[in-house]
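Structure, as structure tokens:
The values are calculated or read from the model by the stated rules, or taken from the named source; none is laboratory data. What you see is a predicted model, and the numbers here were worked out from it, not measured in a lab. All Cβ positions, glycine included, derive from the backbone under ideal geometry; neighbour counts span all protein chains shown. The area values use the complete protein model at the heavy-atom level, side chains included, leaving out ligands, DNA and RNA. Shrake-Rupley method; radii C 1.70, N 1.55, O 1.52, S 1.80 Å.
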Amino acid sequence: MPSETSQTLDRGLRALRVLAESPEGLTITELSGRLEVNRTVVYRLVSTLEQHGLVRRDARSRLFVGLGVLHLASGVQPLLRDLAMPVLRRLAESIGSTAHLTVADGEEALALAVVEPTWTDFHVSYRVGARHPLTQGAAGKAISLLDAPAPAYAVTSGELQTGARGLAAPVRGVDGLRASVGVVTLDGAIDEDVVAPLVIAAARDVAERLG
């Protein structure tokens with residue numbers, strides 16, 4: 001027997017998803033068409049979402065996702081960190097390099113969780129909250145791979161820090177999340193044959209924990 005669901009809530013969530021995928025905004029009529037729902041119903045949905053700051057209108061009455069979504073999203077980051085930390089710790093200890101979970105924040109890559117190995121004399125210090133363009137560094141480039149089926153990982157050298165080398169793999173299969181798991185080291189070239197499979201497996205493990 002199928003579980004009971006709320007049709008109104010389902011429509012509201014679908015409306016938010018459609019708006020999030022429409023950076024140019026939508027009119028009530030356009031949103032109604034996308035949802036295949038009567039304009040009157042959509043108007044009520046939008047009015048309710050506006051009251052909670054989840055939808056906003058511009059001067060042309062086009063609809064966009066509202067800033068209230070940011071308040072909801074801020075509560076997700078601690079959850080992501082908590083779920084990813086055990087995976088990152090295993091990765092850092094097994095390779096002897098700093099491991100990290102990085103998420104896309106607009107056009108920037110944001111380090112959300114970082115674990116340094118405990119048994120090495122030297123390792124890269126990579127702080128939580130560090131930002132850099134998605135177009136630089138293995139972590140950002142790996143996130144960009146979510147838009148393509150291949151390659152499986154990104155590797156870079158000296159793009160963010162002189163002498164630093166990074167390898168990262170995208171976290172695939174988690175709706176709404178654009179993230180990567182990676183490692184960064186100062187100890188010469190990365191042995192991709194050894195490191196890449198471990199990083200890819202860690203990214204897959206994080207996805208399963210979030211799924």
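Provide the packing ranking of 51-60, 134-143, 153-162, i.e. peptides ordered by the mean count of other C-beta atoms within 10 Å per residue, highest first.
For the peptides 51-60, 134-143, 153-162, the packing ranking is 134-143, 153-162, 51-60.
5 Å is the cut-off here: which amide hydrogens, built 1.01 Å from N in the peptide plane, fall below it relative to Thr27, excluding neighbours closer than 5 in sequence?
Answer set, sorted by chain and number: Leu63.
How large is ³J(HN,Hα) for each residue in the stretch 201-209, as worked out from phi by the Karplus curve 6.51 cos²θ - 1.76 cosθ + 1.60 (θ = phi - 60°), to whole Hz, x for Gly and Pro?
Using θ = phi - 60°, the values come out as 5, 5, 4, 5, 5, 4, 4, 5, 5 Hz.
Once amide H atoms are built 1.01 Å from N in the peptide plane, which residues 5 or more positions from Ala109, or in another chain, come under 5 Å H to H?
The list, which skips near neighbours in sequence, is His132, Leu134.
Suppose every K and R has +1 on its Cβ and every D and E has -1 on its Cβ; what is the size of the dipole of the stretch 64-211 about the Cα centre, in Debye to the nearest 20? Write out the running numbers ahead of the final one.
Details: 11 positive and 16 negative charges, 57 e Å.
Rounded to the nearest 20 debye, it is 280 debye.
Quick one: which residues, 5 or more positions from Thr98 or on another chain, have an amide H under 5 Å from its amide H? H modelled 1.01 Å from N in the peptide plane, none for Pro or chain starts.
It is Val124, Val184, by chain and number.
With a 1.4 Å probe and every protein chain left in place, work out the accessible area per residue of the chain in Å², rounded to a whole number.
On the way: 11900 Å² over 211 residues.
I get 56 Å² per residue for the chain.
Given Cα pairs under 8 Å that are at least 6 residues apart, what percent is the relative contact order of the stretch 59-211?
On the way: 298 pairs, mean separation 31.8, N = 153.
Dividing the mean separation by the residue count of the stretch 59-211 yields 21 percent.
In whole percent, and with a 1.4 Å probe on the protein chains, what portion of the accessible area of the stretch 115-207 is carbon and sulfur?
Values: 2550 of 4770 Å².
Summing carbon and sulfur atoms, their accessible area is 53 percent of the total for the stretch 115-207.
Using the Karplus equation 6.51 cos²θ - 1.76 cosθ + 1.60 (θ = phi - 60°), what ³J(HN,Hα) coupling, rounded to whole Hz, does each residue of the stretch 142-158 give in order, writing x for Gly and Pro?
So the Karplus estimates, Gly and Pro as x, are 5, 4, 5, 5, 5, 8, 9, x, 8, x, 7, 7, 10, 9, 9, 9, x Hz.
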